[in-house]
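What follows is one structure encoded as structure tokens, with my remarks underneath.
Just so you know, all these numbers are worked out from the coordinates, no wet-lab data involved. Note that the coordinates shown come from a computational prediction; the quantities given were computed from them, not determined experimentally. Methodologically, a virtual Cβ is constructed for each residue, glycine included, from the backbone with ideal geometry; neighbour enumeration extends over all protein chains shown.
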Amino acid sequence: MSQSETKQLSFSLKQQSKGYLTVSGLAASIGGIMGPNPIPWAASAAAALVSLGTDLVASSLDNYNGSRGTTLNLHWLPAIYYTVNSN
């Protein structure tokens with residue numbers, strides 16, 4: 001990705017992270033109203049993990065973004081992970 005594409009993707013991921021964090025808070029508050037029902041708490045935990053993941057990827061893109069942009073590699077096997085490299 002070029003430098004401008006990396007900045008745009010990073011900004012978009014940061015916005016999504018904030019959205020998932022809001023969903024996490026709403027699910028937790030619904031869980032507090034409903035009592036010991038585990039479904040809203042599970043939704044809250046899942047949204048918090050997705051928020052953390054998108055924020056980590058956005059931070060990595062920001063850190064490695066140079067004048068020539070970055071490369072984001074998504075690996076699936078044997079484990080799921082990502083790497084970010086400067087171009």
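A few comments on the model shown:
- Backbone HN-Hα couplings from phi across segment 74-87 [Karplus 6.51/-1.76/1.60, Hz, Gly and Pro as x]: 9, 10, 10, 10, x, 9, 8, 7, 9, 9, 10, 10, 6, 8
- Proximity of backbone amide H atoms, modeled 1.01 Å from N, is registered between G69 and Q3, N87 at under 5 Å, excluding neighbours fewer than 5 places apart on the same chain.
- Maximal additional length on extending the I30-A79 stretch stands at 14.3 nm, based on 0.36 nm per residue less the C-alpha distance.
- For the chain, the Kirkwood hydrodynamic radius from C-alpha pairs, put into Stokes-Einstein at 4 °C and a viscosity of 1.567 mPa s, yields a diffusion coefficient of 91 µm² per second.
- 3J(HN,Hα) along segment 54-65, derived from phi through the Karplus expression 6.51 cos²θ - 1.76 cosθ + 1.60 where θ = phi - 60°, amounts to 5, 5, 5, 5, 4, 5, 5, 5, 5, 5, 9, 6 Hz, with x in place of Gly and Pro.
- Loop chymotrypsin sites (Phe, Trp or Tyr not before Pro), segment 7-87 (other Cβ atoms within 10 Å of the site Cβ: 16 or fewer; DSSP): W76
- Computed per residue of the chain from DSSP H runs no shorter than four, each worth -39500 (n - 2.57), the mean residue ellipticity at 222 nm is -24500 deg cm²/dmol.
- Charge tally in the Cβ shell below 15 Å around T6, where Lys, Arg are +1 and Asp, Glu are -1, T6 excluded: +1
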